[in-house]
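The values are calculated or read from the model by the stated rules, or taken from the named source; none is laboratory data. What you are looking at is a predicted structure, and each value in this text was computed from that prediction instead of being measured. Backbone-built Cβ (ideal geometry, glycine too); neighbour counts: all protein chains shown. The accessibility values were calculated without ligands, DNA or RNA, using every heavy atom of the protein model including side chains. Shrake-Rupley method; radii C 1.70, N 1.55, O 1.52, S 1.80 Å.
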Amino acid sequence: TIASHLTTLLRERFGKDANEIVYAIDHATHFPGPARAPSKKVRVGLVGPYEIAWKDIATGIAACRLAAAAGLQLELVRVTNTQPHAQEQNLPFPVEWHQQVPPDRMGDIYRSLDVFLGTSRGKEEGFFLPAVEAMACGVPCVLTDIPCFRAHGDHQYALFVPPQDPAAMAEALVVAGCTPDVATALRSGGIAAARRYT
């Protein structure tokens, strides 16, 4: 398996002892740039195909709507390997689209972000590489409180929110995007967590 919660799941459900192989990321592509200076505009990254229900991009879009309505000057940076879904068109804030991005270009996109939002909602998510890649690039993260996102250590590397809770996500986006001390702590914690994956 690629994650400890999957190893546990196989043992508890099927009585199988699985070998666990630590996932790796490309640290030549995913490395921290200079810390981003505070800005009125907060660039929020949301990665994954809208069509896969348990990725729950829809809740991330709803959270961005709430944060923008509350006054956050938000720009959504949307990365997907599919066409934009009808439900993520005509949004009330700017959207920067990236489709079919070659892996060696993702580091530059992550380093352009102020916050990364991970919205997956359950045990179906095995590892979710983009969150660890974003952490490796020094991006403060807001992540759902699910096993794969909790597996990166005991220190503070993300703000955790309940799955499928757009209000909690919106509040965390504001805190991570507008509170320099929080952003600095999440950045350093995320960089440390991502160093495990070599």
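Structure notes:
- For the chain, the relative contact order is 25 percent, taking Cα pairs closer than 8 Å that sit 6 or more residues apart in sequence and dividing their mean separation by the residue count.
- When the solvent-accessible area of region 66-198 is split by element, carbon and sulfur atoms take up 50 percent of it, the probe being 1.4 Å.
- Overall form of region 1-110 per C-alpha gyration tensor (a/c, 1.5; a/b vs b/c): prolate
- Estimated inter-spin distance, residue 20 and residue 184, nm [label 7 Å along Cα→Cβ]: 3.4 nm
- Per residue value of the accessible surface for region 46-198 (all protein chains in place, 1.4 Å probe), Å²: 42 Å²
- Gain on full stretching of the segment that runs from residue 52 to residue 2 - 0.36 nm per residue minus C-alpha separation: 16.0 nm
- Length, then width, then depth: along the principal axes, the Cα atoms of region 117-171 run 26, 24, 20 Å.
- Region 1-47: C-alpha gyration tensor shape, a/c 1.5 cut-off, then a/b vs b/c: prolate
- Gaussian network model of the chain, Cα within-10 Å springs - most flexible of 65, 187, 105: 105
- Summing Cβ point charges (Lys, Arg +1; Asp, Glu -1) relative to the Cα centre of the chain gives a dipole of roughly 180 debye.
- Projecting the Cα atoms of 9, 35, 115 onto the charge dipole of the chain, computed from C-beta unit charges around the Cα centre, puts 35 farthest toward the positive end.
- The chain: most fluctuating residue of 153, 71, 60 per GNM, C-alpha cutoff 10 Å: 71
- Whole-angstrom gap from region 133-198 to region 54-106, using each part's C-alpha centre: 18 Å
- Anisotropy class of region 93-188 from Cα gyration tensor, a/c 1.5 cut: rounded
- Lys, Arg +1 and Asp, Glu -1 on Cβ, resulting dipole of region 83-155 about Cα centre, debye, nearest 20: 80 debye
- Difference of contour (0.36 nm per residue) and Cα-Cα distance, residue 195 to residue 10: 63.9 nm
- Charge-dipole axis of the chain as Lys and Arg at +1 and Asp and Glu at -1 on Cβ define it, positive-most pick from 149, 23, 179: 179
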